[in-house]
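Please treat every number below as a calculation from the coordinates, not as lab data. This one's a predicted model, so the numbers in the text were calculated from it and none came from an experiment. As a convention, Cβ positions derive from the backbone with ideal geometry for all residues, glycine included, and neighbour counts pool all protein chains shown.
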Amino acid sequence: MDNTILLQKLKNVFVITLFSVVIFDVHAENGHVKAQYVLGLVHFTGQGVEKNPTTGMMWLRNADDNGNA
């Protein structure tokens with residue numbers, strides 16, 4: 001699925017806020033693969049946080065390494 005489409009679907013489910021980014025960060029740090037993937041998209045695109053493609057790619061790679069398809 002195209003990341004743009006996925007991000008739009010995420011926006012439809014919830015508004016990405018600093019609070020939700022903090023929650024995703026806690027779960028991503030604890031190895032939750034979907035949280036790593038979402039956090040990667042959030043940082044890569046700058047949705048709810050300052051855009052940081054380097055951090056975004058780190059989380060996307062972690063998600064991929066941990067089995068996110």
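Convex hull volume per residue, computed on the Cα atoms of the chain, equals 74 Å³.
What is the extension gain from Ser20 to Glu50, computed as 0.36 nm multiplied by their sequence separation minus the C-alpha to C-alpha distance, in nm to one decimal?
The span from Ser20 to Glu50 would gain 9.4 nm if fully extended.
With each label modelled as a point 7 angstrom along the Cα→C-beta vector, the Glu29-Gln8 pair spans 3.4 nm.
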